[in-house]
């Protein structure tokens, strides 16, 4: 393992991350909100820390191996959450403890959207911008960005890409070179952000709100500049724009790249994962609308409007809100939280276990039923008319098992700290799925839960962002053997 090369990479990435504090500084200057010193000091601390790590190993060169890639990914996201917390820790509005600062930073960078803040409307504009900015940076993975813009690293990038990119199949690339792949992803990401900003602005948001909400919409993060989230605007047009971009961002970005190359959209409807994703959304929206209408919770127009927005928001793991779904009748709160376990498609900014994995699990289950009838038959699992390798199917089942095991352990851990069962169940789901809002005590914010629980949930956010195995592999003895 190339420890010196790894430290050189981490140091350089931290220095580059420190420069991302420049936009919040500019916002603080424009609005004169009094938070500029916190960001200036944070920039100095982060830049100096990165320099101290990088300087002793600046001349170290070498190609990253598979294990190095996993270690760099985990170390970078861990240290990124730590250094991202510095502005929150230094600012006086809001006054946050170290644990709360780390929680807010990790939630932003992992695009979880869970918050410990309240009275968000009264925060300085630069702090509001910074929260949204963190989500935008974390949306596609800063490591992918770094590989695209930092060829001077002198290390192979494909190992980082495999460790960072979401989805069960990580070796496929849109272009022959990893740097070009990362650039293609970010061009699409930036274009969607610009289009979303224009849409929000045209629909009536202020330019500041439009930019901030476009960051968290395309990143499927869920942070807002207002306590009432998207409901603050009370606009059907804004909700429609948000819904459209949440769906687009939850689809495989490879499909967007292909659409850009071919100037066609028909492949979206031919893709098995995309079709299954639309089917899940349709079922969730239909059930939610039906129950809200039957129970007379809202009139039928409002029921359909809220059902569409909340179902898409929760299922894509964005976490925006126009209505408090936690108080909706019967099974709806539980149903919506369960949809977040599916999450977005592979290679999207959505969280959860990913649609393709759930589809493979269902197909594998159906195959086992067929084998009961025809024990000797060779029945392949197919996606899009092509047989899926048994290695991939086995890996998906392994991931599913690990995901549920981690979920159960974390939930028991939270309950051991005194948190009730409903809150613990939904809090772990909200963080492990990178969703944000939960039920019970965490339906509005995570401010009232205890510090040990917040640390466990930070770990859950990181697990969800790195899709469990990337982080858990570091805890195996085999990983550290030469």
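Residues that are in a helix (DSSP H, G or I) and closer than 13 Å to residue 242 by Cβ within region 203-220 comprise 203, 209, 210, 212, 213, 214, 215, 216, 217, 218, listed in sequence order.
If you scan region 399-421, which residues turn out to be more than 14 Å from residue 446 (Cα to Cα) and more than 22 Å from the chain's Cα centre (by Cα)? Once the filter is applied, which keeps residues that are more than 14 Å from residue 446 (Cα to Cα) and more than 22 Å from the chain's Cα centre (by Cα), region 399-421 yields 412, 413, 415, 416, 417, 418, 421. Taking the stated definitions as given, is residue 438 buried (at least 19 other Cβ atoms within 10 Å of the Cβ), in a loop (DSSP other than H, G, I, E, B) and touching a helix residue (DSSP H, G or I) at 6+ places or on another chain (Cβ under 9 Å)? Judged against the criteria, residue 438 is a match.
Condition first: surrounded by fewer than 16 Cβ atoms within 10 Å (Cβ to Cβ) and either modelled with pLDDT of 90 or more or part of a loop (DSSP other than H, G, I, E, B) (or both). Can you find one or more residues in region 177-184 that meet it? Yes, the conditions are met somewhere in region 177-184. Cβ separations smaller than 7 Å between residues 6+ apart or across chains give the following pairs from region 465-482 residues that are surrounded by 11 or more Cβ atoms within 10 Å (Cβ to Cβ) to residues that are in a loop (DSSP other than H, G, I, E, B): 465/110; 465/434; 467/166. Would a scan of region 13-20 turn up a residue that is over 28 Å from residue 124 (Cα atoms) and surrounded by fewer than 18 Cβ atoms within 10 Å (Cβ to Cβ)? Within region 13-20 (the criterion being over 28 Å from residue 124 (Cα atoms) and surrounded by fewer than 18 Cβ atoms within 10 Å (Cβ to Cβ)), the answer is no, since none of the residues qualifies.
Based on what the data block shows, is residue 34 at positive phi, surrounded by fewer than 24 Cβ atoms within 10 Å (Cβ to Cβ) and touching a helix residue (DSSP H, G or I) at 6+ places or on another chain (Cβ under 6 Å)? Here the answer is no, as residue 34 does not meet what is asked.
Any residue in region 344-361 that is assigned to a strand (DSSP E or B) and touching a helix residue (DSSP H, G or I) at 6+ places or on another chain (Cβ under 9 Å)? Taking every residue of region 344-361 in turn, none turns out to be assigned to a strand (DSSP E or B) and touching a helix residue (DSSP H, G or I) at 6+ places or on another chain (Cβ under 9 Å). Quick check: anything in region 360-369 more than 29 Å from residue 254 (Cβ to Cβ) and either surrounded by 14 or more Cβ atoms within 10 Å (Cβ to Cβ) or in contact with a strand residue (DSSP E or B) (Cβ under 6 Å, 6 or more places away or on another chain) (or both)? No, region 360-369 contains no residue that is more than 29 Å from residue 254 (Cβ to Cβ) and either surrounded by 14 or more Cβ atoms within 10 Å (Cβ to Cβ) or in contact with a strand residue (DSSP E or B) (Cβ under 6 Å, 6 or more places away or on another chain) (or both). Does region 269-281 contain at least one residue that is part of a helix (DSSP H, G or I), touching a strand residue (DSSP E or B) at 6+ places or on another chain (Cβ under 8 Å), under 27 Å from residue 141 (Cα atoms) and in contact (Cβ under 8 Å) with a residue 12 or more places away in the chain? Yes, region 269-281 contains at least one residue that is part of a helix (DSSP H, G or I), touching a strand residue (DSSP E or B) at 6+ places or on another chain (Cβ under 8 Å), under 27 Å from residue 141 (Cα atoms) and in contact (Cβ under 8 Å) with a residue 12 or more places away in the chain.
The values are calculated or read from the model by the stated rules, or taken from the named source; none is laboratory data. Computed from a predicted model, the values in this text were never measured in an experiment. Methodologically, a virtual Cβ is constructed for each residue, glycine included, from the backbone with ideal geometry; neighbour enumeration extends over all protein chains shown.
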